[in-house]
Each structure stands twice: as C-alpha cells, then as structure tokens.
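The values are calculated or read from the model by the stated rules, or taken from the named source; none is laboratory data. Given the structure is predicted, the values throughout are model-derived calculations rather than measurements. Methodologically, a virtual Cβ is constructed for each residue, glycine included, from the backbone with ideal geometry; neighbour enumeration extends over all protein chains shown. Just the protein is used for accessible areas: all its heavy atoms, side chains included, with ligands, DNA and RNA removed. Shrake-Rupley method; radii C 1.70, N 1.55, O 1.52, S 1.80 Å.
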Amino acid sequence: MVKKSLLLALNLLLMTSLLGSCTPAKTEETIQSDKNTVEEEKSDEKVLQGNSVEHETENEPAANSMEQNDEESHAENQGEEDVVRQEKTVEGYVLDVEGNTITVDLENPEGRNYSEEGLDRGVEFDITDAEKEVIPTSGYSEDRECRIKTGITVSITYYEENGKNIVTKISTDNDEKEIIVYVSSGEIEEITDKSMKVHVREGDYSGERLVFDTTETSIPEDASVNSTVTVTYYLKENTYYALSFIFDDL
C-alpha cells in the first residue's frame, strides 16, 4: 500500500516537472506569420518615410517660389524708385521765390533782355530739403550765405516725384543779373511818331540799320534826319525798344 502511494506521487512529480520545463513549439505557420508581420511593419515604415520626403519635396519649390517672388518684387520696387529718383541738373534764371518754391526760366539762365522775359515759360521747383551751395567768385568769402532770390542764376539738381520737381542741391554765385541793355551810335535816317531808323556806326550791331520803337521814351522835337544819336535800348521778340537818346549836335 505504501509502495503504491509512493509510486503515484513520483509519477505526479515527474509530470509536473515535464509540463513546467516545456514551452509550446512554434509551428511553421506561426513562423511564417511572424515573418509577414515584420515585413509589413518595415513596408509601412518605408511608406511613411516616403510620404514625409515627398511632402518636404512638394513644399520646397513653394518656399523657393515665395523667396523668388520676394526678390523680384524688391527688384521691381527698387527699379521703380531708381526711375522716380533719377536726377537731372539744369541751369536757369530765378523769376520768382515764394516760400520753398522757386520759379525758374530754363531757356535763358542769364540776365533779362526785357523785364517780363521768361514769365510765360517759368518752371516751378521745390527747394524745401535742398542742399544750398555758394559758387566761389572773386569776392567770395567762406561765411557767405546762399541767398535764393529773384534775379540770380542757379544750378539745380532735382528729380521728379508725383508731378513735382524736388531739388536735392541748388548752387548760385548770388550775383543778381540786371536787364540786358544795348548801346548803339549812328546817323538818323528816318523819324516817325513811334519809331526812329538809325544806321549804326559804333557799338552794338555796328554796320546794321536798326528801327527803334520809341513808345517807352520821347524824341526831342528838334531831332532830325542825318543827326548823330546814341541810343540805349533792349531787345524783346525781335523789336528794339529805345530807353533813351543822346544827340551829339543838340
């Protein structure tokens, strides 16, 4: 009886040991399934990586395009600014000064041939922010102030903006130009109520026969043909306007 109990106990212990030390063996189907799972995981990883690379590649041209557009826009703006700020330099006679705006005759930068010359062709310039410079002359001194006023000749550097002429630099010698007058002497050939014809022998226009408009002065009553006269006059639109007469024999 005891021997039988011991035998049963020994068998039970042996079975328990065998069951505890053994693990279920993987079948061929299980191994193949594991391989398929690993390959699927690797494939999914490649797809994810491919999508990431493709996404970055798609975004890269867009970014480059934006940068290129910014550069082109800046270049266009810079080009427009260069066009607007293209500077010119001219010389003219100051006809009028009002605040920071001057009116200049660009056709004749020197003295006036007559008092109203250039008023019909004056061009306005804004000198608000202009650099002012005095051109040295024989009487120049270092502390001489640049005075922009009517009657002087100026050199102007400017650019056009919104229909205005904006001056960046203006230079002058401060010398006021008077009206230009001429002096001629000769014999009177003809006299009327409003004119005198003179054969010029000396002075301006020597050798020519000039007809003087006498509406701005008066002819002495005893002036006569063949008398010698000296005439001071100015020229306006091809007309010689007499300012005064001096007769040698009166």
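Say whether the condition of being among the hydrophobic types (A, V, I, L, M, F, W, C), part of a strand (DSSP E or B) and within 18 Å of Glu117 (Cβ to Cβ) is met by at least one residue in the range 208-222. Working first, answer last.
Taking the range 208-222 first, the residues among the hydrophobic types (A, V, I, L, M, F, W, C) are 210-212, 219.
Next, only the ones that are part of a strand (DSSP E or B) stay: 210-212.
If we keep only those that are within 18 Å of Glu117 (Cβ to Cβ) as well, we get none.
Looking through the range 208-222, none of the residues is among the hydrophobic types (A, V, I, L, M, F, W, C), part of a strand (DSSP E or B) and within 18 Å of Glu117 (Cβ to Cβ).
Go through Ile152, Ile180 for me and flag whichever is under 30 Å from Asp248 (Cβ atoms) and more than 24 Å from the chain's Cα centre (by Cα). Break it down into steps so the answer makes sense when it comes.
Details: Ile152 fails: under 30 Å from Asp248 (Cβ atoms).
Being under 30 Å from Asp248 (Cβ atoms) and more than 24 Å from the chain's Cα centre (by Cα) holds for just one of Ile152, Ile180, which is Ile180.
Which of the numbered conditions does Glu160 fail, given that it passes all the others? Conditions: (1) touching a residue at least 60 places away in the same chain (Cβ under 8 Å); (2) in contact with an Asp or Glu (Cβ under 7 Å, 6 or more places away or on another chain). Evaluating Glu160 over (1) touching a residue at least 60 places away in the same chain (Cβ under 8 Å); (2) in contact with an Asp or Glu (Cβ under 7 Å, 6 or more places away or on another chain) leaves (2) as the failure. Of everything in the range 165-175 that is open to solvent by 30 Å² or more (accessible area, probe 1.4 Å) and without any contact (Cβ under 8 Å) to a residue 40 or more places away in the chain, the residue that is nearest to the chain's Cα centre (by Cα) is Lys169.
Restricting the range 120-135 to residues that are touching a strand residue (DSSP E or B) at 6+ places or on another chain (Cβ under 8 Å) and open to solvent by 90 Å² or more (accessible area, probe 1.4 Å), the residue that is nearest to Arg147 (Cα to Cα) is Lys132.
Per the conditions (1) closer than 20 Å to Tyr234 by Cβ; (2) open to solvent by less than 60 Å² (accessible area, probe 1.4 Å); (3) more than 27 Å from the chain's Cα centre (by Cα); (4) touching a residue at least 24 places away in the same chain (Cβ under 8 Å), the sole criterion not satisfied by Val200 is (4).
Contact map, the range 118-137: residues that are farther than 23 Å from Glu161 by Cα and touching a residue at least 40 places away in the same chain (Cβ under 8 Å) paired with residues that are of a type in the set (A, V, I, L, M, F, W, C) and not in a strand (DSSP E or B), Cβ distance under 8 Å, separation 6+ or inter-chain. Pairs shown: Val134/Cys146.
In the set (1) open to solvent by 30 Å² or more (accessible area, probe 1.4 Å); (2) assigned to a strand (DSSP E or B); (3) under 30 Å from Val94 (Cα atoms), Glu178 fails one condition alone, (2). When residues in the range 181-197 are screened for being closer than 16 Å to Ser224 by Cβ, open to solvent by 40 Å² or more (accessible area, probe 1.4 Å) and touching a residue at least 24 places away in the same chain (Cβ under 8 Å), 4 of them pass.
Scanning the range 92-119 for residues that are acidic (Asp, Glu), open to solvent by 70 Å² or more (accessible area, probe 1.4 Å) and modelled with pLDDT under 95 gives Glu110, Glu116.
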